[in-house]
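Remarks on the structure that follows.
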Amino acid sequence: MKNFQYINPTSIKEASNLMISFGESALLYAGGTDALSLLKNDIYTHSKIINLKKIGGLNSITHNKTSGIRIGSLTTISEIAKDETIKSEYKILHEAANEIASPQLRNIGTLGGNLCQSPRCWYYREDFDCIRKGGGECYAYEGRNKFHCVVGGGPCYIVHPSDMAVALLALDAKVIIFSEVGERTIPINELYVLPSENSSQETILKPGEIIKEILVAPPGQNTRSSYIKFKERGAWDFASVSVGLVLEIVAAKSIIEGKAAFGGVAPRPWTDDKFNKKLSGLALNETSVSEALNSLLNDSETLSENAYKLPLVKNLTKRSILNLA
């Protein structure tokens, strides 16, 4: 770990201005569960660490029957998991939060940090001059790639590790981004970029831009949701594959409208528009669901060790849909 200056701004505006002033030498630091390990291993070499935890007003969850929920970016994962309204009305968020890491890490990690964490690729996190770090090669493409992407890859084949992003994508959440020129609100789907668009970062955030809050609309009367995660180890592991599902279901056991989002399969939280269209009007029986799944991730490009992800994601999606019936 290299020496750095630890700075404690007391407002989001001050933090934004510091980011602009220090440029690439500055790193935003919230819970630090991911950033600290990257600093210790010299993957991050920033000389200015801007601690966000002294900023007030960013660690709250507010509820409104008309507009839904508003979650501050410094809200911890534990606070999200324990919130009674989220538990009862946004089950997918509750389940995703409980799947993250260990209780100790959930007490520290924040929503904003979870959404903006770096990829878990072992080449990126070790001493390889890969594309993500400005090199000219993705070592996973012809190397060990069991946990790498099956869709959306190239020239880098990482997967995005955020559980919360998958759940929020299925919920069509919106992200409020603060900058020196004001705030802007975007769909969470627009927050992330593919390696083909930018091979050195995961989000569209520009210098001085900070995620302030997440907005989620109120659920419909007949909405049901779930988050299911397959991981290689039994506890606090990252997803090999995960599925977030939000369905509006009628009494006749069919789906009015639905959206599925996937983790562990792409460099960003992923949706499949063709499959989501098939969810509308889908009868909730095994035959109909199996037929709809034939269109899921048809544009995939598996690598030498990760073809198992395709049947896995289809089976998890099928289980999720039928469990919500």
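Each value in this text was obtained by applying a stated rule to the coordinates, not by laboratory testing. Just so it is clear, the model here is predicted, and its values are computed rather than measured. No Cβ is skipped: glycine too gets one built from the backbone with ideal geometry, and neighbour counts run over all protein chains shown.
Calculate the FRET efficiency for Asn41 and Asp172 from the Cβ-Cβ distance with a Förster distance of 35 Å, rounded to the nearest 0.05. My answer for the efficiency is 0.45.
Which entries of Lys48/Lys133; Lys2/Lys54; Lys133/Lys231; Lys53/Lys133; Lys65/Lys253 show an alpha-carbon separation above 21 angstrom in the structure shown? The answer is Lys2/Lys54; Lys133/Lys231; Lys53/Lys133; Lys65/Lys253.
Between Tyr6 and Ser288, the C-beta separation translates, for a Förster distance of 41 Å, into a calculated FRET efficiency of about 0.15.
In terms of other Cβ atoms within 10 Å, Ile210, Ile71, Ile7 run from fewest to most in the order Ile7, Ile210, Ile71. For region 12-93, the share of alpha carbon pairs falling in successive 5 Å distance bins from zero is 3, 12, 20, 17, 15, 13, 10, 7, 2, 0 percent.
Stokes-Einstein, applied to the Kirkwood radius of region 1-55 over Cα pairs at a viscosity of 0.890 mPa s and 25 °C, places its translational diffusion at 220 µm² s⁻¹. Placing one equal scatterer on every Cα of region 223-324 and applying the Debye formula, the log10 ratio I(q)/I(0) at q = 0.11, 0.13, 0.18 Å⁻¹ is -0.32, -0.44, -0.82.
A simple packing score, the average count of other Cβ atoms within 10 Å per residue, orders the peptides 186-195, 159-168 as 159-168, 186-195, with the highest score first. Taking a straight line from the alpha carbon of Lys277, these aspartates and glutamates sit under 19 Å away, with near neighbours fewer than eight places off in the same chain left out: Asp172, Glu248, Glu257, Glu286, Glu291, Asp299. Rounded to the nearest 10 degrees, the angle from helix 12-22 to the longest Cα principal axis of the chain is 60 degrees. Here Met19, Met1 are placed in order of increasing Cβ neighbour count within 10 Å, fewest first, which gives Met1, Met19. In the chain, helices alone account for a calculated mean residue ellipticity at 222 nm of -7000 deg cm²/dmol, with every DSSP H run of four or more residues adding -39,500 (n - 2.57).
Stretching Ser280 away from His63 to a fully extended chain increases their span by 75.3 nm, per 0.36 nm per residue minus the current alpha-carbon distance. If you sort the three axes of the alpha carbon gyration tensor as a ≥ b ≥ c, you get a/c of 1.5 or more for region 66-135 and a/b above b/c, which makes it prolate. Descending by average beta-carbon neighbour count within 10 Å, the peptides 314-320, 259-265, 106-112 line up as 259-265, 106-112, 314-320, the highest first.
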